[in-house]
Amino acid sequence: MIRINLLPHRQEKRKRRQTQMAVFAGLTLGLGLLLWLGGHTLLAGQIEGQTARNTYIKDETAKLDKQIEEIKKLKEQTQSLLDKKRVVENLQANRSEAVALLDELLRKMPEGVYLKSIKQTGGKVNLTGYAQSNARVSTLMRAIEEAKVLGSTEFVEIKSLTINNVRAAEFSLHMKIKRPEPPAE
């Protein structure tokens, strides 16, 4: 005799497979959600960390910019003080220059030469005056070039004129003052 199994075994197998499939789908979905949540948390943490580093760098850059501005101001003040110091040193070095200039001119002035005006502009001196002859002006120029304080002379002009029925020559000269070199910094 043939035995026939009338139990619904195929339906039970199908039901077990569907249950297994649902469990695997649930586990896969749960694992996917867990991976997504982990990745999202990790990336959000990295973004937040980078944002914090960027903010720190901006703050430190702003501090450094302020310090750079202060350094520029200090350099400008230092340069201004150095310029003032140089001016004071030049004035100190050249304070007796006018006295030495007049003394040297007095010693080198030949007879028959009279000064009308002396004007100093920086390291240049302009002389105008009267002389009894052109030769006396030449003598004055040679004497000035031999002087310790005075340097090279430059002849500007000479004019003949009559003053109180006396023939004279009006002259104009430029000369340089010899100054010691300032000390190198």
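Could you go through the range 138-156 and let me know if any residue there is open to solvent by less than 60 Å² (accessible area, probe 1.4 Å), more than 12 Å from Ile177 (Cβ to Cβ), modelled with pLDDT of 80 or more and assigned to a strand (DSSP E or B). Within the range 138-156 (the criterion being open to solvent by less than 60 Å² (accessible area, probe 1.4 Å), more than 12 Å from Ile177 (Cβ to Cβ), modelled with pLDDT of 80 or more and assigned to a strand (DSSP E or B)), the answer is no, since none of the residues qualifies.
Scanning the range 1-37 for residues that are exposed (fewer than 10 other Cβ atoms within 10 Å of the Cβ) and among the aromatic types (Phe, Trp, Tyr) yields a total of 0. Criterion applied to Gly112, Gly122, Gly129 was being out of contact with any His (no Cβ under 8 Å at 6 or more places or on another chain) and in contact (Cβ under 8 Å) with a residue 40 or more places away in the chain, and the one residue passing it is Gly129. Evaluated against (1) in a loop (DSSP other than H, G, I, E, B); (2) exposed (fewer than 15 other Cβ atoms within 10 Å of the Cβ), Pro110 falls short on exactly one condition, (2).
Against the numbered list (1) open to solvent by 30 Å² or more (accessible area, probe 1.4 Å); (2) within 24 Å of Arg167 (Cβ to Cβ); (3) part of a helix (DSSP H, G or I), Tyr130 comes up short only at (3). Taking Ala62 as the residue in question, decide whether it is farther than 30 Å from Thr121 by Cα, open to solvent by less than 80 Å² (accessible area, probe 1.4 Å) and either among the small types (Gly, Ala, Ser) or in contact with a Ser or Thr (Cβ under 7 Å, 6 or more places away or on another chain) (or both). Yes, satisfied. The conditions of being modelled with pLDDT under 95, within 31 Å of the chain's Cα centre (by Cα) and surrounded by 12 or more Cβ atoms within 10 Å (Cβ to Cβ) are met by Gly123.
Return yes when Ile177 is of a type outside the set (Asp, Glu) and free of Cβ contacts under 8 Å to residues at least 40 places away in the same chain and no when it is not. Working first, answer last.
Working: of a type outside the set (Asp, Glu): yes; free of Cβ contacts under 8 Å to residues at least 40 places away in the same chain: no.
No: the conditions fail for Ile177.
The values are calculated or read from the model by the stated rules, or taken from the named source; none is laboratory data. Keep in mind that this is a model prediction, so the values were computed, not measured. Cβ atoms come from the backbone with ideal geometry, glycine included; neighbour counts cover every protein chain shown. Protein only, heavy atoms only, side chains kept; ligands, DNA and RNA dropped before computing areas. Shrake-Rupley method; radii C 1.70, N 1.55, O 1.52, S 1.80 Å.
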